[in-house]
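Working notes, beginning with the structure itself.
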2 protein chains.
Amino acid sequence: MFEIQAIEIVGLVAATLTTSSFIPQVYKAYKTKDVEGVSLTMFLAMFVGVLLWLVYGFYINSLSMVIANIITSILCMAILVLKIKHRKKV
Amino acid sequence: MFEIQAIEIVGLVAATLTTSSFIPQVYKAYKTKDVEGVSLTMFLAMFVGVLLWLVYGFYINSLSMVIANIITSILCMAILVLKIKHRKKV
């Protein structure tokens, strides 16, 4: 019982970190408008992938997967919007 | 049976996308050396989070979680190295 709880705490911390990690990138892109080094392809692939994880989470009835992937998709979308808005035309 | 297979394909595509999404960011940072817009905090938090997912995956005996998180941690580490190497001293 203790072991199950301990590993679920590891999972919760992991989910919190990987989900919230997008926040500083959103903040940085919003503040500096410097998005040249940010890969559009990365965040497009991540966005589509996260939407598919959301479908998967719904299907297997995992509330934590659904919540984490809704938050991540919103943050990912914000980075995409900032990247497209502020990128230099070549 | 068919439904289970279909949703597992969604999961596999999702895992492939979210894992491989880091590759274009590694490539971009390596080629352009422009990492100013890349958030160090994002990839640090992501790296620690992915390592914890790896621990979680080992614990629950999920081979796909272990493989995906080993690959993601290596790609994340590559972005961190490039970010630290090429960032401008302020």
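The values are calculated or read from the model by the stated rules, or taken from the named source; none is laboratory data. The shown structure was predicted, so the numbers you read here are calculated from the model rather than taken from an experiment. For neighbour counting, all protein chains shown are included, and Cβ atoms are generated from backbone atoms with ideal geometry for every residue, glycine included. SASA here: full protein model, heavy atoms, side chains in, ligands and nucleic acids out. Shrake-Rupley method; radii C 1.70, N 1.55, O 1.52, S 1.80 Å.
Remarks
- Residue match in segment A:21-38 (condition: open to solvent by less than 20 Å² (accessible area, probe 1.4 Å) and either among the aromatic types (Phe, Trp, Tyr) or within 25 Å of residue B:60 (Cβ to Cβ) (or both)): yes
- When each of A:45, A:6 is tested for being under 24 Å from residue B:54 (Cβ atoms), in contact with a Ser or Thr (Cβ under 6 Å, 6 or more places away or on another chain) and among the aliphatic types (A, V, I, L, M), the lone residue that passes is A:45.
- Residue match in segment B:6-24 (condition: closer than 27 Å to residue A:10 by Cα and among the acidic types (Asp, Glu)): yes
- Candidates B:46, B:77, B:42, filtered to the one that is at the interface with another protein chain (Cβ under 7 Å from one of its Cβ atoms) and in contact (Cβ under 8 Å) with a residue 24 or more places away in the chain: B:46
- Residue identified as open to solvent by 90 Å² or more (accessible area, probe 1.4 Å), of a type in the set (A, V, I, L, M, F, W, C) and more than 19 Å from residue B:83 (Cα to Cα) among A:74, A:70: A:74
- Residue within segment A:1-12 that is under 15 Å from the mean Cα position of the chain (by Cα), open to solvent by less than 50 Å² (accessible area, probe 1.4 Å) and within 11 Å of chain B (Cβ to nearest Cβ) present: no
- Qualifying positions in segment B:13-39 - among the aliphatic types (A, V, I, L, M) and under 14 Å from the mean Cα position of the chain (by Cα): B:14, B:15, B:17, B:23, B:26
- Every residue from segment A:1-28 that is part of a loop (DSSP other than H, G, I, E, B) and at pLDDT 95 or above: A:21
- Applying the set (1) at pLDDT 95 or above; (2) within 9 Å of another protein chain (Cβ to nearest Cβ) to residue A:60 leaves exactly one unmet item: (1).
- Some residue of segment B:29-36 being outside any loop (DSSP other than H, G, I, E, B) and either at pLDDT below 95 or more than 8 Å from chain A (Cβ to nearest Cβ) (or both): yes
- Qualifying residue in segment B:51-67 (condition: surrounded by 17 or more Cβ atoms within 10 Å (Cβ to Cβ), aromatic (Phe, Trp, Tyr), assigned to a helix (DSSP H, G or I) and within 10 Å of the chain's Cα centre (by Cα)): no
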